[in-house]
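Visitor: Just passing along the structure, written as structure tokens.
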Amino acid sequence: LLPGCGSGSTNSASSANDPAESGDQTIKGRQMVANVILNRMKSEKFPNSVREIVFAGRQFSPVSNGSYYRVKVSSQTKKAVEKALKEKDNTNGALYFMYRAGSDSSNVSWFDRELTKLCEYGCHEFFR
């Protein structure tokens, strides 16, 4: 969690998950990952808290593989999360994203079969 952020804070879990998922991306790429979490909060298909979304089983690989707990939140990531909170969604309402080259083939197949691809940015593809 970020210093000064409670466990229920909108940006605490999101900020920590963002660099784990998109730490090598531009601010826009990081913002897009944060937007997926925020879009999920607005969707009836998902819980309405960042914490529940980020820690839901098998949703975010950094939580599953433990890298989430080792990440340091950078000023770029904080800026990206702030932009996601203040600006219009830049993912066209994406609820999912993936890094195709780093994903298990069965997960890639599910994304391609079950979801609609909305856009790509950097190494991530965004879906609904």
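Visitor: Any idea which residue in the stretch 28-47 is most open to solvent (accessible area, probe 1.4 Å), counting only those that are of a type in the set (D, E, K, R) and in a helix (DSSP H, G or I)?
Guide: Only one residue fits best here, namely Lys42.
Visitor: Those residues that are buried (at least 16 other Cβ atoms within 10 Å of the Cβ) and under 15 Å from the mean Cα position of the chain (by Cα), I need them from the stretch 93-117; list them, please.
Guide: Listed by number, the residues that qualify are Ala94, Leu95, Tyr96, Phe97, Met98.
The values are calculated or read from the model by the stated rules, or taken from the named source; none is laboratory data. Note that this is a predicted model, so its numbers are computed, not measured. Positions of Cβ are backbone-derived with ideal geometry, glycine not excepted, and every protein chain shown enters the neighbour counts. The protein model used for the area step is the full one, side chains on, heavy atoms only, and it has no ligands, DNA or RNA in it. Shrake-Rupley method; radii C 1.70, N 1.55, O 1.52, S 1.80 Å.
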